[in-house]
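What follows is a short report on a single structure.
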Amino acid sequence: MEYKNPLGVDIDLETGVIPGAKKLVRRLGDLKGYFVDEKAYEELLKENPVVYEVYAIEQEEKDGDLNFATTVLYPGKVGKEFFFTKGHYHSKADRAEIYYGIKGKGGMLLQTPEGKAEWIEMRPGTVVYVPPYWAHRTVNTGDEPFIFLAIYPADAGHDYGSIKEKGFSKLVIEENGEVRVVDNPKW
Ligand code: S6P
Ligand code: ZN
């Protein structure tokens, strides 16, 4: 039997960086078609800001093993809609996931394949359980980076397809200075 080596790393709780992790950067240009207000999207695209960064420590895609990753989701809006991650189902749809809030303010939109949506607010210390089969997207509703840790099965994979096409049935917007979760008119 060959055993893998255990690993301990310190997440920088101010920046979200995991030393030695693989870094992925998503700019606004990578999120074409995701925001409802297309005019506001095209306007902000001139600056093409970074929307989020992911620092991931990933294993081979085998069952029983675990990956973990931090996400640094920057503050901002496209029209009324707060910045968010793309959102995905898992390729192995029955794989669950745990999120842990580290810094900043935001929340998670979850959705079943039938379109039933839930919104869970997150702050530092919040644990969110993502059950099997639920799509999940995080949203920054604050004015500083929203940083969280995700722990997920190594064979979960990401299925972005249907969220890219249809989005979520709910939008998280700012209206009169308040965070509101409303029906998506394009759903
Ligand atoms: C992976 C986990 C997170 C996200 C990350 C970016 O299962 O849920 O690490 O990958 O927050 O979101 P997305 O939707 O672009 O993968
Ligand atoms: Zn996931």
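The values are calculated or read from the model by the stated rules, or taken from the named source; none is laboratory data. Note that the structure is a prediction, hence the values are computed from the model and not measured. Ideal geometry is used to build each Cβ from the backbone, glycine not excepted, and the neighbour counts take in all protein chains shown. Areas reflect the complete protein model, heavy atoms only, side chains present, ligands, DNA and RNA absent. Shrake-Rupley method; radii C 1.70, N 1.55, O 1.52, S 1.80 Å.
Quick look at the numbers
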| quantity | calculated |
| --- | --- |
| Identity of the residue in region 115-136, of a type in the set (Val, Ile, Thr) and open to solvent by less than 10 Å² (accessible area, probe 1.4 Å), that ends up nearest to ligand 2 (Cβ to nearest atom) | VAL130 |
| Test: ARG123 is among the basic types (Lys, Arg) and more than 16 Å from ligand 1 (Cβ to nearest atom) | yes |
| Breaking point among (1) touching a Phe, Trp or Tyr at 6+ places or on another chain (Cβ under 7 Å); (2) within 16 Å of ligand 2 (Cβ to nearest atom), for LYS92 | (1) |
| Test for PHE148: is it within 16 Å of ligand 2 (Cβ to nearest atom), within 18 Å of PHE35 (Cβ to Cβ) and either open to solvent by less than 60 Å² (accessible area, probe 1.4 Å) or touching a strand residue (DSSP E or B) at 6+ places or on another chain (Cβ under 7 Å) (or both) | no |
| Filter pass, GLU47 being touching a Leu at 6+ places or on another chain (Cβ under 9 Å) and acidic (Asp, Glu) | yes |
| One residue from GLU47, GLU81, GLU43, GLU58 being touching a residue at least 40 places away in the same chain (Cβ under 8 Å) and more than 21 Å from ASP183 (Cβ to Cβ) | GLU58 |
| Any hit, region 100-114, residues being free of Cβ contacts under 8 Å to residues at least 40 places away in the same chain, of a type outside the set (S, T, N, Q) and surrounded by 14 or more Cβ atoms within 10 Å (Cβ to Cβ) | yes |
| Qualifying residues in region 66-89 (those that are part of a loop (DSSP other than H, G, I, E, B) and more than 15 Å from ligand 2 (Cβ to nearest atom)) - the one least open to solvent (accessible area, probe 1.4 Å) | PHE83 |
| Subset of region 139-173 (residues that are within 20 Å of LYS92 (Cα to Cα) and of a type in the set (Val, Ile, Thr)) | ILE151, ILE163 |
